[in-house]
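The values are calculated or read from the model by the stated rules, or taken from the named source; none is laboratory data. Because the structure is predicted, anything quoted here is derived from the model rather than measured. Neighbour counts run over all protein chains shown; Cβ positions are idealised from the backbone, glycine included. SASA here: full protein model, heavy atoms, side chains in, ligands and nucleic acids out. Shrake-Rupley method; radii C 1.70, N 1.55, O 1.52, S 1.80 Å.
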Amino acid sequence: MSSAMIDRILDAVIDTFYLVICSGVIGIVLGIMMGVALYVTRENRIMALPALNRVISLIVNVGRSVPFIILMLALAPFTRWLVGSYIGTTAALVPLSIAAIPFVARLVEGALNEVPHGLIEAAESMGATPWQIITRVLLPEARGGLITAATITIIALIGYSAMAGAIGAGGLGAVAYNYGYSRYNPMVMLVTVLIMVVMVQGVQMLGDFLVHRSRHR
Amino acid sequence: MIRLENVTRVYGQGAGAVTALKDVNLEVAPGSITGVIGVSGAGKSTLIRCVNLLERPTRGRVFVADQELTALNKEALRKARHGIGMIFQHFNLLESRTVRGNIGLPLELIGTPRRDIDQRIDELLELTGLAERANAYPAALSGGQKQRVAIARALASNPKALLCDEATSALDPQTTSAILTLLRDINQRLGLTILLITHEMEVVRTICDQVALISGGALVETAPVGDFFTRPATEEGRLFLNDFLQLAPSNALLQRLSDGGAGNGVPVVRLTFRGQSLSSELMTHLEQRFGLRLHILQARVENIQGRTLGLMIAEFDGDRDIIDDAMAHLHTLDVQTEVLGHVQRHD
């Protein structure tokens with residue numbers, strides 16, 4: 001491999017990090033908010049609003065049922081309106097973040113469902129407000145599940161970002177497609193794949209470590 | 001301190017509606033301990049959850065510390081709940097917080113300054129004997145220690161009343177007894193009013209001043225514990241008590257009873273002494289005055305809140321009219337007698 005190719009791959013790694021980290025942060029923050037909303041508005045919960053719950057649930061289901069590659073294309077006008085272009089690394093953040101939100105929301109809802117109901121009852125008996133229950137009981141008690149959700153999301157985003165790369169977002173996906181596939185350079189293909197495997201492995205190990213540390217048992 | 005007025009709780013509507021509580025009236029005096037006892041499904045849990053409105057009664061009014069909780073809006077109810085502690089069968093501690101963190105939670109909720117919280121935690125750790133486990137996580141604690149943390153947490157905001165929802169049902173007898181001692185101690189030291197629900201007679205007997213028996217969602221009998229154990233006023237009360245105090249004939253005796261006395265046998269009598277002791281004086285008296293010989297087969301004496309309850313199964317050996325006289329005399333002494341059957345004379 002030429003040194004130019006090595007530079008290209010290093011740049012691509014940085015682009016991939018940029019894509020995954022930015023869309024991960026946006027997707028996880030908004031996804032947690034949406035997941036909490038899904039949890040608390042369900043019937044008999046602390047902010048029961050069944051009608052709103054059905055609407056959020058529908059949005060999440062629609063968001064999750066559209067394949068990422070289609071979502072990316074479908075969102076192109078919105079992306080152009082938001083960031084001025086629908087091609088490029090920053091533009092790819094829009095569909096990546098939007099794809100991550102409902103994904104995270106369902107995982108967060110699942111993690112919150114694991115918090116024993118008795119804890120919420122105990123907090124209510126102490127006179128906690130719904131907001132206090134969310135911030136001091138639900139989220140801290142679900143911490144392990146939330147970290148697992150974040151880990152799964154980041155790994156999914158590494159895959160999605162490569163897909164986005166194939167249509168102009170840059171990153172490892174772009175290098176693999178443009179040089180490894182189109183110009184038939186198996187070495188580039190192999191190296192990019194290996195880098196992605198290492199990234200996924202690293203994220204999973206970090207996630208496992210954090211989950212382990214968050215468990216006090 | 002706690003007063004329930006005609007509290008009714010119905011689940012569901014129409015034909016499928018289930019009435020979990022029916023017109024419950026209950027008053028818990030300030031500084032006293034009241035136990036609501038009943039079999040599972042009787043409505044105990046619903047009752048205690050109605051006190052702090054974790055469940056809202058369908059009808060009726062709930063007062064705690066002269067404040068009608070059922071008339072409060074959400075915000076005022078939350079404030080009122082700061083003055084009512086609650087502990088649970090399964091402790092409900094936050095696994096993500098240490099013992100200190102759990103105890104401090106109610107104070108964080110009301111915005112107490114950090115320094116005051118820490119000071120209060122130290123006092124409570126001392127009170128509940130947890131000082132050495134202050135920085136442990138709940139997962140590392142035993143059941144009894146967890147319940148102590150829960151008690152400390154419930155006391156953090158200086159409540160006037162404490163609700164205990166089957167607080168000892170998940171604990172072994174020894175730990176139960178230690179937790180009950182702690183509750184009694186807190187009740188006496190802090191003058192805290194306690195309402196507890198339990199299915200264990202032993203809990204009521206050990207620490208309660210007043211007992212309320214719940215059956216099918218209704219309170220069937222409310223009485224001071226000493227009275228209830230020695231003189232239950234209702235049939236339900238007697239049945240419940242009998243299950244607890246059962247002095248059942250042994251298998252050997254049952255065998256003899258079924259063989260029967262065939263005409264010339266002697267009666268086997270179960271005597272229940274309430275409030276007075278099974279004194280040897282009485283035995284002597286029966287022998288000397290009536291010439292009746294008692295063969296005591298089984299006996300048991302319980303002390304309940306300073307009142308004695310004695311149970312005895314004995315053969316009454318003597319002539320028929322002597323036995324009748326002795327029985328009549330026992331009734332005048334308020335000793336309850338029940339002839340279980342007849343057996344052949346011992347010798």
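Determine the dipole magnitude for the stretch A:3-215: charges of +1 sit on the beta-carbon of Lys and Arg, -1 on that of Asp and Glu, nothing else is charged, the reference point is the Cα centre, and the result goes in debye to the nearest 20.
200 debye
Among the lysines, select those whose C-alpha is under 18 Å from the C-alpha of residue B:160, and discard any that sit fewer than 8 residues away in the same chain.
Within the straight-line limit of under 18 Å, residue B:160 reaches these lysines: B:79.
Rounded to the nearest 20 debye, what is the charge dipole size of the protein assembly as shown about its Cα centre when +1 sits on each Lys and Arg Cβ and -1 on each Asp and Glu Cβ?
I would put it at about 2300 debye.
Got a sec? What order do B:44, B:22, B:146, B:79 fall in by accessible area at 1.4 Å, biggest, i.e. largest, first?
Largest accessible area first, the residues go B:79, B:22, B:146, B:44.
Using a 1.4 Å probe and ignoring any ligands, DNA or RNA, find the accessible area of residue B:342 and quote it in Å² to the nearest 10.
80 Å²
What are the equivalent ellipsoid semi-axes of chain A, built from the alpha-carbon gyration tensor (square roots of five times its eigenvalues), in whole angstrom, biggest first?
38, 20, 12
Pop a pseudo-label 7 angstrom from the Cα along the beta-carbon direction at both residue B:140 and residue B:72 and give the gap in nm to one decimal.
3.7 nm
Buried accessible area for the B:A pair, summed, 1.4 Å probe, in Å² rounded to 100?
1900 Å²
Put a dot 7 Å past each Cα toward the Cβ at residue B:239 and residue B:289; how far apart are the dots in nm?
3.6 nm
Which value, in debye to the nearest 20, gives the size of the charge dipole of the stretch B:199-248 about its Cα centre, when Lys and Arg are +1 and Asp and Glu are -1 at the Cβ? Could you put the intermediate results ahead of the total?
Details: 3 positive and 8 negative charges, 19 e Å.
Value, rounded to 20: 80 debye.
Hey, if you put +1 on the Cβ of every Lys and Arg and -1 on every Asp and Glu Cβ in the protein assembly as shown, which of B:232, A:62, B:147 ends up farthest toward the positive end of that dipole?
A:62
Hey, with R₀ at 51 Å, roughly what FRET efficiency would residue B:334 and residue A:114 work out to, going by the Cβ-Cβ distance, to 0.05?
E(calc), rounded to 0.05, equals 0.30.
Please compute one quarter of the surface area of the Cα convex hull for the protein assembly as shown and express it in square nanometres.
For the protein assembly as shown, averaging the hull's shadow over all directions gives 38.7 nm².
If you fit an axis through the alpha-carbon atoms of helix A:89-113 and take the longest principal axis of the Cα set of chain A, what angle between them do you get, 0 to 90°, nearest 10?
For helix A:89-113, the angle is close to 30 degrees.
Going 7 Å from the Cα of residue B:65 along its beta-carbon direction, which residues of the stretch A:121-157 have the amide nitrogen within less than 16 Å of the resulting point?
Of the residues in the stretch A:121-157, A:125-128 have backbone N under 16 Å from the label point off residue B:65.
For q = 0.21 Å⁻¹, what log10 I(q)/I(0) does the stretch B:23-134 give under the Debye formula with an equal point scatterer on each alpha carbon and no solvent?
For the requested q values the scattering log ratios are -1.26.
How far is it, in nm, from the label point at residue A:62 to the one at residue A:83 when both lie 7 Å from their Cα along the line to the Cβ?
Inter-label distance under the simple model: 2.3 nm.
Can you tell me the 0 to 90 degree angle between the C-alpha axis of helix A:50-65 and the longest principal axis of chain A, rounded to 10?
So the helix axis and the longest Cα principal axis differ by about 20 degrees.
Would you work out which of A:9, A:71, A:107 lies farthest towards the positive end of the dipole of the protein assembly as shown? Charges go on Cβ: Lys and Arg +1, Asp and Glu -1.
Final value for the positive-end residue is A:9.
Mind pulling the angle between the C-alpha long axis of helix A:186-214 and the longest principal axis of chain A? Nearest 10 degrees, somewhere in 0 to 90.
20 degrees
In whole percent, how big is the carbon plus sulfur part of the accessible area of the stretch A:3-215, probe 1.4 Å, protein atoms only?
Percent of accessible area from carbon and sulfur atoms in the stretch A:3-215: 69.
Over 27 Å apart: what share of the alpha carbon pairs of the stretch B:173-320 falls there, rounded to a whole percent?
Within the stretch B:173-320, distances greater than 27 Å cover 39 percent of Cα pairs.
Translational D (Stokes-Einstein, µm²/s) of the stretch A:107-217 at 37 °C and 0.692 mPa s when Rh comes from the Kirkwood sum over C-alpha pairs? All intermediate terms of the calculation are to be shown ahead of the outcome.
On the way: Rh = 16.6 Å.
Value of D from the Cα-based Kirkwood radius: 198 µm²/s.
Which parts of the stretch B:134-162, residue by residue, lose 40 Å² or more of accessible area when the rest of the protein chains are there, as against the chain isolated (1.4 Å probe)?
Listed in order, they are B:137.
Over all distinct alpha-carbon pairs, what is the Kirkwood Rh of chain B in angstrom?
This gives a value of 22.9 Å.
P(r) for the stretch B:246-344: what percent of alpha-carbon pairs falls in each 5 Å bin, starting at zero?
3, 13, 24, 26, 18, 12, 4, 1, 0
Return one whole number: the accessible area per residue of the stretch B:2-231 in Å², for a 1.4 Å probe.
Result: 40 Å² of accessible area for each residue.
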